[in-house]
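To keep things clear, I will list the structure first and then write my remarks on it.
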Amino acid sequence: MKIALISPKGPLYHHRGGIFKKSLRYTPLTLTTLASLVPESMKAEIKIYDEGIEDIPDNLDVDLVGMTVITGSAPRAYHLSKKFRKKGIPVVFGGPHVTLAPEDAAPHADSIVQGYAEDIWPELLNDFIFNKLKPAYIQAPDLSLADRPFPRRDMLDAKKFLTTHVFEATRGCIHRCDFCVVPFAWGTTPYQKPVDQIVADIKQHWAKRIIFIDLNIIADKDYAAELFEALIPLNLKWYGLSTTLLIKDKQLLKLAAESGCAGLLMGFESITPDNLKISRKGFNSPEDYGDVVSSLHEHNITLQACFTFGMDHDMPDIFMETAKMAIKMNIDLPRFAIVTPFPGTSLYHRIESEGRITTRDWELYDGQHVVFQPRNMTPEELLIGHESAWKYTYSFSGMWKRILGSGIQIPISILANIGYRFYANHLHSYYNCDWITGFKPPISPKKAEAA
Ligand code: SF4
């Protein structure tokens, strides 16, 4: 049996003309994990294609195609699926969009997988072999991540990525932020891999600088402490994602630093407490953000802090206020997104019930476009304001102030800031804003401040 596993391209990740090229990409784990789950007894010939870095051959000769679909890549997945099915190749969809909006995805595929694939992907393949493919497969709640095969990282071309040393200890999150797909797609049970199996996976790659893609690596603090302790003897550097709650647990923060944590991404989301409250992220408190940054820096940990614009309590001055605060606090890498009501989330249902969804063109659901009517500003103000925050924080003066103010890991920080500066200055080129009449995107940092 021949299987092709495909991650369709989205607007921001496209190797021809997309913003993120090799320099900012690390290998995705989804396809390599799916490949590892194909039972050896099937003796399948597997090919994997990350369309963000390579084209899919026109003459793809396979028996089955599996695609992982996020909302932003759904139109591309549907387009590809139509082509394959026309040639008689059955197509299976899985991933967050499929799990959250099965009614949207199902008509475009022969079968869909809702939830994590560990148990149902092998079952689906078995059904396929015996010509008994069902229209849908749903993950059972008693899923375990223990004793699973290691992802087949060898199947992706390492030269095309920043790193292949990407690992995962946990999945899911215990929180229920209303805009986040995680709790609505997979519930609030944090699934965990046994720590010794993660260590064995890291050791087999001789990895010394790794990325954990866990969405909230400290969701279960006892588990996090066990993991961090096990990482200490490996003497490596790691980067990952955590909530700001890490700073409230000084012992865990110290342990994270001792285990080699060199950089964390945290969702600050908003500097407005009312926004955090309505989005169920009240555990963030803006008055503590300065402490969060300085505590991380004291432990030689850099911070990517993500802010989201367009929430209901944002006024038109929020962009520059947030950008100035990010510079003042010396955040190593501030990131900005436009709040996106992904289908299936609580935010989507609320905005939809208020009649404020303005487009269901899923390709625009990428955190960089406005797909709804904001409460206190126009869609144009939100789009331009978001871009102005990027440009202002990544102006040369904004960059140097932050980098020197942070004072840690300066060479890496300079490189990362230059990468994001490029992103900030090219963001407008990839907008697909025909629906905004008269939109004139390019603006300079000076104009950004005036906006
Ligand atoms: S803390 Fe992060 S991962 Fe968890 S629900 Fe909120 S946004 Fe999602």
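The values are calculated or read from the model by the stated rules, or taken from the named source; none is laboratory data. If you're wondering where the values come from, they're calculated on a predicted model, not measured in any experiment. Cβ placement follows ideal geometry from the backbone for every residue including glycine, while neighbour counts extend to all protein chains displayed. Surface areas here come from the heavy atoms of the whole protein model, side chains and all, with no ligands, DNA or RNA. Shrake-Rupley method; radii C 1.70, N 1.55, O 1.52, S 1.80 Å.
Do you know which residues across the stretch 278-293 are open to solvent by 50 Å² or more (accessible area, probe 1.4 Å), over 27 Å from Glu387 (Cβ atoms) and either assigned to a helix (DSSP H, G or I) or among the polar types (S, T, N, Q) (or both)?
Glu287, Asp291
Tell me the helices (runs of 4 or more DSSP H) entirely within the stretch 134-249 that contain at least 3 residues that are in contact with a strand residue (DSSP E or B) (Cβ under 9 Å, 6 or more places away or on another chain) and within 11 Å of the ligand (Cβ to nearest atom).
Values: elements: 181-186, 195-204, 221-231.
Output list reads 181-186.
Return yes or no: is Thr272 surrounded by fewer than 19 Cβ atoms within 10 Å (Cβ to Cβ) and of a type in the set (Ser, Thr, Tyr)?
Yes.
Of the residues in the stretch 115-139, how many are touching a helix residue (DSSP H, G or I) at 6+ places or on another chain (Cβ under 8 Å) and within 25 Å of Ile198 (Cα to Cα)?
5
List pairs: first in the stretch 216-243 and under 14 Å from Ile301 (Cβ atoms) and without any contact (Cβ under 8 Å) to a residue 60 or more places away in the chain, second of a type in the set (Ser, Thr, Tyr) and within 12 Å of the ligand (Cβ to nearest atom), Cβ under 6 Å, 6+ apart or cross-chain?
Here the result reads Ile217/Ser242; Ile218/Ser242, each pair linking the stretch 216-243 to a residue that is of a type in the set (Ser, Thr, Tyr) and within 12 Å of the ligand (Cβ to nearest atom).
Filter the stretch 111-132 down to the residues that are part of a strand (DSSP E or B) and among the aliphatic types (A, V, I, L, M), then identify the one that is farthest from Val181 (Cα to Cα).
Filtering the stretch 111-132 for residues that are part of a strand (DSSP E or B) and among the aliphatic types (A, V, I, L, M), the one farthest from Val181 (Cα to Cα) comes out as Ile112.
Report, by residue number, each residue of the stretch 68-93 that is within 16 Å of Val181 (Cβ to Cβ), free of Cβ contacts under 8 Å to residues at least 60 places away in the same chain and open to solvent by 10 Å² or more (accessible area, probe 1.4 Å).
Those that are within 16 Å of Val181 (Cβ to Cβ), free of Cβ contacts under 8 Å to residues at least 60 places away in the same chain and open to solvent by 10 Å² or more (accessible area, probe 1.4 Å): none in the stretch 68-93.
Here is a list: Ala169, Ala185, Ala117. Which entry is among the small types (Gly, Ala, Ser), under 19 Å from Ala35 (Cβ atoms) and buried (at least 20 other Cβ atoms within 10 Å of the Cβ)?
Result: Ala117 is the single residue among Ala169, Ala185, Ala117 that is among the small types (Gly, Ala, Ser), under 19 Å from Ala35 (Cβ atoms) and buried (at least 20 other Cβ atoms within 10 Å of the Cβ).
When you go through Pro141, Pro135 one by one, which is the residue that is at pLDDT below 95 and open to solvent by 10 Å² or more (accessible area, probe 1.4 Å)?
Numbers: Pro135 fails: at pLDDT below 95.
Testing whether each residue is at pLDDT below 95 and open to solvent by 10 Å² or more (accessible area, probe 1.4 Å) leaves just Pro141.
What are the residue pairs meeting all of these: first residue in the stretch 262-277, first residue away from the ligand (no atom under 16 Å from the Cβ), second residue part of a strand (DSSP E or B) and polar (S, T, N, Q), Cβ atoms under 8 Å, and 6 or more apart or on different chains?
Pairs that qualify, where the first residue is away from the ligand (no atom under 16 Å from the Cβ) and the partner is part of a strand (DSSP E or B) and polar (S, T, N, Q), are Ala262/Thr302; Gly263/Thr302; Gly263/Gln304.
Of the residues in the stretch 295-319, how many are of a type outside the set (Ser, Thr, Tyr), in a helix (DSSP H, G or I) and buried (at least 18 other Cβ atoms within 10 Å of the Cβ)?
Filtering the stretch 295-319 for residues of a type outside the set (Ser, Thr, Tyr) gives 296-301, 303-307, 309-319.
If we keep only those that are in a helix (DSSP H, G or I) too, we end up with 296-298, 318-319.
Those still in the list that are buried (at least 18 other Cβ atoms within 10 Å of the Cβ) too: 296-297, 318-319.
Residues flagged as of a type outside the set (Ser, Thr, Tyr), in a helix (DSSP H, G or I) and buried (at least 18 other Cβ atoms within 10 Å of the Cβ) within the stretch 295-319 amount to 4.
Using the structure shown, decide if Phe128 is touching a residue at least 60 places away in the same chain (Cβ under 8 Å) and away from the ligand (no atom under 16 Å from the Cβ).
yes
Check the stretch 376-390 and report whether any residue there is closer than 30 Å to Glu298 by Cβ and open to solvent by less than 10 Å² (accessible area, probe 1.4 Å).
Yes, the stretch 376-390 contains at least one residue that is closer than 30 Å to Glu298 by Cβ and open to solvent by less than 10 Å² (accessible area, probe 1.4 Å).
Answer with yes or no whether Gln192 is surrounded by 20 or more Cβ atoms within 10 Å (Cβ to Cβ), modelled with pLDDT of 95 or more and not hydrophobic (A, V, I, L, M, F, W, C).
Yes; evaluated as a whole, the condition is true for this residue.
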